[in-house]
Every structure is written in structure tokens, then in C-alpha cells.
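What follows draws every value from the coordinates through simple rules; no lab data is involved. For clarity, every value in this text was computed on a predicted model and none was experimentally measured.
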Amino acid sequence: MDEIAAWFTKQIPKRWFAAPPDVLVDSDEIMVLGRLPEPGGDDGPPGATRTAAIRAFREATRDERIAIAGKAEALFGRKVSWGARCGDVERIFTALSIPVMTRLRLPERRLLDTLVDGGVARSRSEALAWCVRLVATHEADWIADLEAALTSVRKVRAEGPRSL
């Protein structure tokens with residue numbers, strides 16, 4: 001993952017973001033999320049100005065982002081998604097939505113159906129995604145600790161003996 005983040009940091013023009021982008025990676029997708037500088041001026045509410053800055057960035061960089069994504073997809077074998085943050089406003093431009101197979105027993109299916117019937121979600125799939133986001137929000141510190149531990153495990157495995 002560090003290799004992928006370093007590659008994107010070298011490819012992305014420095015003028016795009018106020019800091020190196022966050023590069024999130026899984027087995028299907030690479031998401032590049034950059035922080036834009038705060039827009040100047042007093043012409044409207046901050047959220048609207050930030051949203052406009054993100055929209056302008058998206059349009060102005062479209063061709064370059066497509067070219068960088070094409071190179072990365074060929075090199076790393078994953079789709080590339082893009083997003084930007086400006087202040088407290090975040091927009092993801094493109095992102096994969098990957099179906100995930102799961103086996104649920106009756107109580108779990110009933111829970112999803114309750115969320116659908118209650119209007120929280122339009123489908124079982126959307127209800128399950130809602131549940132995942134809820135866990136991510138309420139268990140963020142624990143998940144961050146788990147991710148850090150997994151990073152350490154990957155590092156130790158990479159430094160260990162090779163198979164015969």
C-alpha cells in the first residue's frame with residue numbers, strides 16, 4: 001500500500017492538493033482523496049464555497065485524473081476512484097460499489113427487513129451497508145487499532161522467511 005501511495009504522490013501535480021493525498025487501497029479499488037486549500041473570499045456560506053471549490057477542481061482536473069487512473073489501473077490491477085475534501089466538505093467523485101456475498105440467519109435478515117420497512121434503507125443491501133457505516137462510526141477507535149495491528153502483522157510477514 002505504501003508503494004501505491006508513493007506512486008500517486010509522484011504522479012499527482014503538486015498544485016492539486018494542500019497536502020499529499022490519502023490513498024486508500026483494498027483488493028478491488030484504490031481511492032485517492034485529496035485536501036483542497038480553503039477558498040478565499042466572503043461570497044456566500046463556507047459550505048457552499050467549499051462545495052463549489054470541489055466541483056471546480058473536479059471539472060478542471062478530469063482529463064488528468066483519467067490519465068493517471070489509466071496508468072495506475074494498468075500498473076496495480078485495481079480500479080481508481082477519486083474524491084476531494086475542502087474544510088468539512090467531502091465529495092467522492094467515482095467509487096466502486098462491489099457486491100459482497102454474505103450468509104445471514106433469520107434474526108439478521110429480520111433486522112435488515114425492519115430497516116427497510118422503517119424507511120431507513122431501500123433494500124437489504126442498503127440496510128447492510130448502513131449497518132457497516134454505523135459500526136465504523138461507533139467503533140472507529142477500535143477499528144483504527146485493529147488496522148494498525150494488521151499493518152504490523154503484514155510487515156512482520158513480509159520480513160519473515162520465504163516459503164520453500
For this session: Normalise the Cα radius of gyration of segment 99-156 by 2.2 N^0.38 Å (N = residues in it) and let me know the number.
Result: 1.45
Exercise. Share of antiparallel DSSP beta bridges in segment 27-164, in percent to the nearest 5?
Worked result: 40 percent
Exercise. Residue 80's amide H: which non-local residues (gap 5+, or another chain) put their own amide H closer than 5 Å, with H modeled 1.01 Å from N in plane and none for Pro or chain starts?
Worked result: 30
Exercise. Each residue of segment 8-17 in order: what ³J(HN,Hα) in whole Hz does its phi give by Karplus 6.51 cos²θ - 1.76 cosθ + 1.60, θ = phi - 60°, with x for Gly and Pro?
Worked result: 5, 4, 6, 7, 7, x, 4, 5, 5, 10
Exercise. Which value in deg cm²/dmol, rounded to the nearest 500, describes the helix-derived mean residue ellipticity at 222 nm for the chain, given -39,500 (n - 2.57) per DSSP H run of n ≥ 4 and division by the residue count?
Worked result: -18000 deg cm²/dmol
Seminar exercise, completed: the chain, Gaussian network, Cα under 10 Å: of 66, 98, 143, the residue fluctuating most is 143
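Answer rounded, prolate or oblate for the chain, using the Cα gyration tensor with square roots of eigenvalues a ≥ b ≥ c: rounded when a/c is under 1.5, else prolate when a/b is larger than b/c, else oblate. Let's see the in-between values first.
Numbers: a/c = 1.91, a/b = 1.13, b/c = 1.69.
Oblate.
So if each residue of separation counts as 0.36 nm, and I subtract the Cα-Cα distance between residue 149 and residue 38, what length gain in nm does that give?
Values: separation 111, 0.36 × 111 = 39.96 nm, distance 3.42 nm.
Separation in residues times 0.36 nm, less the Cα-Cα distance, equals 36.5 nm.
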